[in-house]
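Q: Handing you this structure, nothing more for now.
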Amino acid sequence: MPLKPFDIPEACHLIEGAWIRGEATIQVTNPSDGASLTTIARGGKGQIDAAVIAAQVARDGAWGKMTAAERGRVLNRIGHAVLDHIDTLAQIEALDVGKPLKQARADALALGRYMEFYGGAADKIHGETIPYLDGYTVYTLREPHGVTGHIIPWNYPMQIIGRSVGAALAMGNACVLKPAEDACLTALAFAAIAMKAGLPAGALNVVTGLGSEAGAALAAHPGVQHMSFTGSVRTGEMIQAAAAKNVIPVTLELGGKSPQLVFDDADLDRALPFLINAGIQNAGQTCSASSRILVQRSVYDEVSARMTDAYRKLRVGPAISDLDVGPLISARQKKIVTDFLERGADLPIAAQGKIATDAKGHYVQPTLFADVPPDHTLAQDEVFGPVQVLIPFDDETEALHIANGTDYGLVAGIWTGDGGRQMRLAKALKSGQVFINNYGAGGGVELPFGGIGKSGHGREKGFEALYGFSTLKTVAAWHG
Ligand code: ADP
């Protein structure tokens, strides 16, 4: 039972500070070897109703009445407690989602950092006074939405809890969290840590279960004032439709087909590890994965040869072995990725990594395709697996055209020493984030993140998230 260190009873939701046993359960298996780990509760409308009521009570009670400074102090305490448990959280995540240990540790560290960042920010966000007509004083108040709903995916549970629940709590919202059915364990562990660190009951409620049951009930709940969702485009559309019925704001982060543009004056020694790591990290199951590598023809052969060489050395195995790549999360995800690989049968494969285990997990070989036409399905659609495509281009104009030529716009990387080109492309790329001579910037708790187009809308991370998780009231006082 991986949650033993946190004293969490099996198959429970956390509602109003109490562990409530689920009536039905879902089996949890280890994606690295198929072994049974534990069970989680399969909640539905009843548990979501109870969690929303608990959040309303907390919002109007102990949590809502705290000053911003007190809230910040609680979040900081939670952050420190998370940092004290990095290894345990990483082990749980490695077992539950198949993430190699080093990457799971990085997620746990990021969760701690988010809580510290938002703990520090809680009392530093404020309204303004606005010069207005004679005889008036006008000012604005930043207020919490009230109850916020958080539906999160299985690929980075800890990071996404940190960036959405952390920011929502900092602004004084009370949260109902529905983690993905394939990745609930660190969400439950985090909730236990938060309670122990002094988060009042009901400020964070966790209901586990299926998307079509607990998730749909949360998304449609009339007692929720803001919804934050990270996941697939298809589910994002449903969340937005449900939010529209209740006329509430929604933050959607829905993935991408993020390019890196490599020009012939790039520092290739520096670029190479970023080009590859951005594609294979977390077995490519990353919204901001860089699945398209656009390379100027004059250096195309060199980049292709160097990436080929590196791909051949990649080793895939159980999360606990901490190799380059772990298993995919599920048999379903493996089928999605292998279907994509089949659709690439008409493309040259530059190289593949090696599966270095006999374990019965959801493993696929990391695969690099060469000379991929920009309109090919592998250059247009999100695979969510360790698959990258190399696309040649002649000049800056063509590179930009290809880079902007998908439905998505989450992250882009530019590799060039030419300052003018850096600035031109940073403006012209259709993307929520642009990295110049790096990619991902080490996670970037402080850096606003989100997309355009089918990558979604709204911004999480950084200070910007605090505006999204609050609403503005304008007060106009006439005093003559
Ligand atoms: P994937 O297909 O990769 O599992 P999803 O977008 O379906 O990605 O899942 C992301 C999150 O959305 C998970 O927590 C999942 O349970 C939830 N979810 C899935 N379907 C629905 C739905 N119809 N309504 C609300 N949440 C959902």
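Q: In the range 195-266, which GluC sites (Glu not before Pro) are in a loop and have at most 15 other Cβ atoms within 10 Å, using DSSP for the loop call?
A: Listed in order of number, the matching sites amount to none.
Q: Antiparallel as a % of all DSSP beta bridges within the chain, to the nearest 5?
A: In the chain, approximately 40 percent of DSSP beta bridges are antiparallel ones.
Q: A follow-up question, please. What are the aspartates and glutamates whose alpha-carbon lies under 14 Å from the alpha-carbon of Lys360, with same-chain residues fewer than 8 places away excluded?
A: Reachable aspartates and glutamates: Asp33.
Q: Still on this structure, please answer the following. If each Cα of the range 258-444 is one equal point scatterer, what is log10 of I(q)/I(0) from the Debye formula at q = 0.12, 0.13, 0.19 Å⁻¹?
A: Listed by q, the Debye log ratios stand at -0.52, -0.61, -1.30.
Q: Contact order normalised by length for the chain, with contacts defined as Cα pairs under 8 Å and 6 or more residues apart; what percent is it?
A: Taking the mean separation of contacting Cα pairs over the length of the chain, I get 18 percent.
Q: If the viscosity is 0.692 mPa s and the temperature 37 °C, what Stokes-Einstein diffusion coefficient in µm²/s follows for the range 147-296 when Rh is the Kirkwood radius over Cα pairs?
A: Diffusion coefficient, whole number: 195 µm²/s.
Q: Okay, moving on. Give me the net charge for the shell around Ile391: Cβ to Cβ below 13 angstrom, other residues only, Lys and Arg +1, Asp and Glu -1.
A: -1
Q: Counting alpha carbon pairs within less than 8 Å and at least 6 residues apart, what relative contact order, in whole percent, applies to the range 258-444?
A: Averaging sequence separation for qualifying contacts and normalising by length gives 28 percent for the range 258-444.
Q: Would you give the gap between the C-alpha center of the range 293-337 and the C-alpha center of the range 126-183, rounded to a whole Å?
A: Going from one Cα centre to the other spans 36 Å.
Q: Which order do the peptides 47-57, 298-308, 270-280, 129-139 come out in when sorted by mean C-beta neighbours inside 10 angstrom, highest first?
A: Descending packing order for the listed peptides: 47-57, 270-280, 298-308, 129-139.
Q: How far, in degrees from 0 to 90, does helix 101-121 lean away from the longest principal axis of the Cα atoms of the chain, to the nearest 10?
A: Orientation of helix 101-121: about 40 degrees from the principal axis.
Q: What are the extents of the Cα atoms of the chain along their three principal axes, in Å, largest first?
A: Each principal axis gives a Cα extent; for the chain these are 69, 64, 39 Å.
Q: Run through the range 79-144 and list the GluC sites (Glu not before Pro) located in a DSSP loop whose Cβ has at most 16 other Cβ atoms within 10 Å.
A: Glu128
Q: While we're on this one: If I fit a long axis through the Cα atoms of helix 68-84 and take the longest principal axis of the Cα atoms of the chain, what angle between them do I get, 0 to 90°, rounded to 10?
A: Helix 68-84 sits roughly 50 degrees off the main axis of the chain.
Q: Which lysines does Lys313 reach when only Cα atoms under 16 Å apart count, and residues fewer than 8 places away in its own chain are ignored?
A: The reachable lysines, counting only those whose Cα sits under 16 Å from Lys313, are Lys354.
Q: Here is a follow-up. Hey, fewest Cβ within 10 Å first, where do Val383, Val165, Val389 land in order?
A: Final ranking by Cβ density, sparse to dense: Val383, Val389, Val165.
Q: Would you work out which of Leu275, Leu3, Cys184 lies farthest towards the positive end of the dipole of the chain, given +1 charges on the beta-carbon of Lys and Arg and -1 on that of Asp and Glu, about the Cα centre?
A: Projecting each Cα onto the dipole axis, the largest value belongs to Leu3.
Q: Where a Cα-Cα gap under 24 Å defines reach, which lysines qualify for Lys45, not counting those fewer than 8 residues away within the same chain?
A: Lys178, Lys245
Q: Here is a follow-up. How high is the relative contact order of the range 403-462, in percent, with contacts defined as C-alpha pairs under 8 Å that are six or more residues apart?
A: 37
Q: Another question about this same structure. Report, in deg cm²/dmol and to the nearest 500, the calculated mean residue ellipticity at 222 nm for the chain, where each DSSP H run with n ≥ 4 adds -39500 (n - 2.57) and the sum is divided by the residue count.
A: The helix contribution divided over the chain gives -12000 deg cm²/dmol.
Every number in this text was worked out from the coordinates using simple rules, so none of it is lab data. These numbers were taken from a predicted model, which means no experiment stands behind them. Cβ atoms come from the backbone with ideal geometry, glycine included; neighbour counts cover every protein chain shown.
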